[in-house]
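Heads up, the thing below is written out as structure tokens.
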Amino acid sequence: VENAVEVTHVGSVKLTRPALLTQDMAIRLGRWVNDVLQPAAQKNFGTQLAAIDVGGSYSCRNIYGKPFGGRFAGRLSEHAFANAIDIGGFK
């Protein structure tokens with residue numbers, strides 16, 4: 001993956017495990033956290049977001065984990081390009 005970075009925090013928000021993302025995806029994640037999540041946490045809970053539970057990020061695989069090749073082959077997931085992050089929850 002070209003231009004990949006390992007993200008462990010977005011500002012003061014900790015990721016529960018490092019996420020390997022493209023630089024562009026890391027920037028987009030940062031904007032989402034700062035522009036959407038933090039204001040929503042403050043409005044709804046009166047506090048700042050402390051952590052994001054990361055389920056996964058870079059993984060060279062097809063969509064839905066289908067095998068490569070053969071009649072069941074699917075197209076590559078955005079995870080295969082480090083353009084995706086799975087989020088399980090927020091703290």
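Brief remarks follow.
- Compared with the direct C-alpha span, the chain from ASP53 to ARG28 gains 7.3 nm at full extension, assuming 0.36 nm per residue.
- Entry note: the chain has Rg to Rh equal to 1.07, where both radii use alpha-carbon atoms and Rh is the Kirkwood radius.
- On the chain, 52 percent of the accessible area sits on carbon and sulfur atoms, based on a 1.4 Å probe.
- With DNA, RNA and ligands ignored, accessible area of PHE81 (1.4 Å probe; Å², nearest 10): 90
- Per residue, the accessible area of the chain comes to 65 Å² when a 1.4 Å probe rolls over the protein heavy atoms.
The values are calculated or read from the model by the stated rules, or taken from the named source; none is laboratory data. What you see is a predicted model; the values in this text were computed from it and never measured. Ligands, DNA and RNA are stripped out before the accessible areas are found, and what is left, the full protein with its side chains, is counted by its heavy atoms. Shrake-Rupley method; radii C 1.70, N 1.55, O 1.52, S 1.80 Å.
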